[in-house]
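*Asks:* Before I ask anything, here is the structure I am working with.
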Amino acid sequence: MYTYSVIFVLCFYVSYGQVLVFNQCPDLPVQRNFDVEKFMGNWYERNVYTAGSGGDRCNLDTFRSTDCGSFNLNMTDAGDWLVSGRARPIGAEAAKLVVDYFVGANAELPYWILETDYNSYAVAWSCLQSPAATLRYAWVLTRNRNSEEALQRGLSVFEKLSIDTSYLKEVDQNNCSN
Ligand SMILES: *[C@@H]1O[C@H](CO)[C@@H](O)[C@H](O)[C@H]1NC(C)=O
């Protein structure tokens, strides 16, 4: 069962273009005193950290709180549904969550809010440790679809934390109907 879960999660991860790195997940600092309620609502994906070619369009994530620091999320692109999930905090730091993605089986992946000011930018990070490697994904999110200033604030988090930015791909947010 454990093996099955790991393989499933790996397949799920890889199919979404996650970056495979052969070392440990970095112990990155997360947003202090993360306030789930202030984070809820709509966020536009401006950059994603992916081994894929990019090419995503109009990605919009919607967050709704449930209880006890938990929330539901929907990820959509170009107006179409992509994936839904349920996030819950693990441990003492509210910004460190895991998300159960509803993809027909249990796919539980980390979801950390590295930094946010709640009303303009946020950086979310996911690193899954498996015995041989790590699988990484990240998002630069902004409240406003086109704000360059918010995007730059998000990108600066990667520089500050010395995360390799070569995998960051822009999400096209032009001519969107959602
Ligand atoms: C996700 O989408 C479903 C179907 O449209 C909706 O019922 C649900 O409330 C949405 N959840 C969030 C977090 O937006």
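The values are calculated or read from the model by the stated rules, or taken from the named source; none is laboratory data. Computed from a prediction, not measured in an experiment: that's the story for all the values here. For neighbour counting, all protein chains shown are included, and Cβ atoms are generated from backbone atoms with ideal geometry for every residue, glycine included.
*Asks:* Is it fair to say residue 42 is over 24 Å from residue 93 (Cβ atoms), within 11 Å of the ligand (Cβ to nearest atom) and either modelled with pLDDT of 95 or more or aromatic (Phe, Trp, Tyr) (or both)?
*Replies:* yes
*Asks:* Could you check segment 121-146 and list, in sequence order, the residues that are in a loop (DSSP other than H, G, I, E, B) and either free of Cβ contacts under 8 Å to residues at least 12 places away in the same chain or under 16 Å from the mean Cα position of the chain (by Cα) (or both)? Outline the logic, then answer.
*Replies:* Here is the first cut: in segment 121-146, the ones in a loop (DSSP other than H, G, I, E, B) are 130-133, 143-146.
Hits for segment 121-146 are 131, 143.
*Asks:* Within segment 108-120, which residues are part of a strand (DSSP E or B) and either without any contact (Cβ under 8 Å) to a residue 40 or more places away in the chain or under 11 Å from the mean Cα position of the chain (by Cα) (or both)?
*Replies:* Within segment 108-120, 109, 110, 111, 112, 113, 114 qualify.
*Asks:* Going through segment 91-107 one residue at a time, which ones are surrounded by fewer than 16 Cβ atoms within 10 Å (Cβ to Cβ), part of a strand (DSSP E or B) and away from the ligand (no atom under 11 Å from the Cβ)?
*Replies:* Listed by number, the residues that qualify are 100, 106.
*Asks:* Of the conditions (1) free of Cβ contacts under 8 Å to residues at least 24 places away in the same chain; (2) surrounded by fewer than 19 Cβ atoms within 10 Å (Cβ to Cβ); (3) outside any loop (DSSP other than H, G, I, E, B), residue 64 fails just one. Which one is it?
*Replies:* Of (1) free of Cβ contacts under 8 Å to residues at least 24 places away in the same chain; (2) surrounded by fewer than 19 Cβ atoms within 10 Å (Cβ to Cβ); (3) outside any loop (DSSP other than H, G, I, E, B), only one is false for residue 64: (1).
*Asks:* Right, something else. Since residue 82 meets every condition but one in (1) within 12 Å of the ligand (Cβ to nearest atom); (2) within 14 Å of residue 36 (Cβ to Cβ), which condition does it not meet?
*Replies:* (2)
*Asks:* Still on this model: Can you tell me how many residues in segment 146-159 are more than 15 Å from residue 113 (Cα to Cα) and surrounded by fewer than 17 Cβ atoms within 10 Å (Cβ to Cβ)?
*Replies:* Selection size over segment 146-159: 6.
The rows are residues; the columns are (1) surrounded by 21 or more Cβ atoms within 10 Å (Cβ to Cβ); (2) closer than 23 Å to residue 168 by Cβ; (3) within 14 Å of the ligand (Cβ to nearest atom).
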position	(1), (2), (3)
49	yes, yes, no
70	no, no, yes
89	no, no, no
110	no, yes, no
133	no, yes, no
141	yes, yes, no
